[in-house]
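Working notes, structure below.
The values are calculated or read from the model by the stated rules, or taken from the named source; none is laboratory data. Being a predicted model, the structure only gives us computed values, none of them experimental. Please note: Cβ atoms are built from the backbone with ideal geometry, for glycine as well, and neighbour counts cover all protein chains shown. All accessible areas refer to the heavy atoms of the entire protein, side chains included, with ligands and DNA or RNA removed. Shrake-Rupley method; radii C 1.70, N 1.55, O 1.52, S 1.80 Å.
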Amino acid sequence: MTSEAKRSWKSHLILIPFSLLMIYPVIWWIGASFKSTAELSLPSLFPEQWMWQNYTDGWAFSSQYTFTTFFANTLMMEFWNVLGGVLTAALVGYGFGRLNFRFRNFWFAVLMATLMLPAQVTVVPQYILYNKLGFVDSYIPLILPHFFGGGAFFIFLVVQFIRGIPRELDEAAQIDGASVYGIFFRIIMPLIKPALYTVGIFTFLWSWDDFFSQLLYLSSVEKFTVGLGLRMFIDQFEVQWGQLLAMSLLSVLPSAIIFFVAQKHFVEGIATTGIKG
């Protein structure tokens, strides 16, 4: 056995126990989703009797509302969030990264300063504003912010990626008669796809897990998202823990699928951000 193979073997010997330790809660979670409420207190990892009805009963939830409604609401909201976040982050990032306008550096510094502003500071003013506009109990407060750049972090990510693209490409396109918008859509957009994939993945994951904002702005059950649907299990007189664990397991599947399918683009977007051409 070569020295390199020995080092690899030793590394795996150390990493495998830690990996098992990390995934143990997930394995318990999967097993518990098939247990009855009485069996959850037992130390066994998997149930003696597999309760497949936890998934069917949990999905049905009630005669009036099912998790089909909650998943449909959430996916609809995610579609607009990702679309708005990706498009506007690309546009604003292009403006800061390529265009010359008055006080550009000042406004970019102001934008970056908002990263240090705690979200709790803006909760009350935002709620008052949306309430006066009549947007409370609608998806508008959850979707609209994504159509204004998607957030300072995403704009910074795109700006850094665009700065790594040689300006000679823009100049060559200008010589061929391309306008500012033509350069953006034909030159910049295809080259910043890794960064846009990263923006899309982060937008999806963060808005999917944003339970607080959904709880704050949505009050009608027919508009509830998956997170709020899971909360309704706790509001019952007798909590069906097996059904709750089953539905919570299903609720993380879209995020896991999105991450693993787009993992290559995600890593490429993070790794190449800030590298100058």
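Checked against (1) under 27 Å from LEU144 (Cα atoms); (2) part of a helix (DSSP H, G or I), SER219 meets all criteria but (2). Checking each residue in region 46-91 for being open to solvent by 50 Å² or more (accessible area, probe 1.4 Å), outside any loop (DSSP other than H, G, I, E, B) and either touching a residue at least 60 places away in the same chain (Cβ under 8 Å) or hydrophobic (A, V, I, L, M, F, W, C) (or both) picks out ASP57, TRP59, ALA72, LEU75, MET76, PHE79, TRP80, LEU83, LEU87, LEU91.
Of all the numbered requirements in (1) without any contact (Cβ under 8 Å) to a residue 40 or more places away in the chain; (2) more than 26 Å from PRO194 (Cβ to Cβ); (3) open to solvent by less than 60 Å² (accessible area, probe 1.4 Å), LEU133 misses one, and that requirement is (3). Being modelled with pLDDT of 90 or more, within 25 Å of the chain's Cα centre (by Cα) and farther than 30 Å from GLY229 by Cα, is that true of even one residue in region 96-109? Yes: region 96-109 contains one or more residues that are modelled with pLDDT of 90 or more, within 25 Å of the chain's Cα centre (by Cα) and farther than 30 Å from GLY229 by Cα. Are any residues in region 249-265 in a helix (DSSP H, G or I) and touching a residue at least 60 places away in the same chain (Cβ under 8 Å), and if so, which ones? Hits for region 249-265 are LEU249, LEU250, PRO254, HIS265. Residues in region 145-163 that are among the aliphatic types (A, V, I, L, M) and out of contact with any Gly (no Cβ under 8 Å at 6 or more places or on another chain): ALA152 alone. Check whether at least one residue in region 105-119 is out of contact with any strand residue (DSSP E or B) (no Cβ under 8 Å at 6 or more places or on another chain), closer than 30 Å to LEU215 by Cα and surrounded by 13 or more Cβ atoms within 10 Å (Cβ to Cβ), and report yes or no. Scanning region 105-119, I find at least one residue that is out of contact with any strand residue (DSSP E or B) (no Cβ under 8 Å at 6 or more places or on another chain), closer than 30 Å to LEU215 by Cα and surrounded by 13 or more Cβ atoms within 10 Å (Cβ to Cβ), so the answer is yes. For region 20-45, taking the residues that are under 24 Å from PRO254 (Cβ atoms) and aliphatic (A, V, I, L, M), the one that is most open to solvent (accessible area, probe 1.4 Å) is identified as MET22. Can you tell me which residue within region 136-163, out of those that are assigned to a helix (DSSP H, G or I) and of a type in the set (Val, Ile, Thr), is surrounded by the fewest Cβ atoms within 10 Å (Cβ to Cβ)? Result: ILE140.
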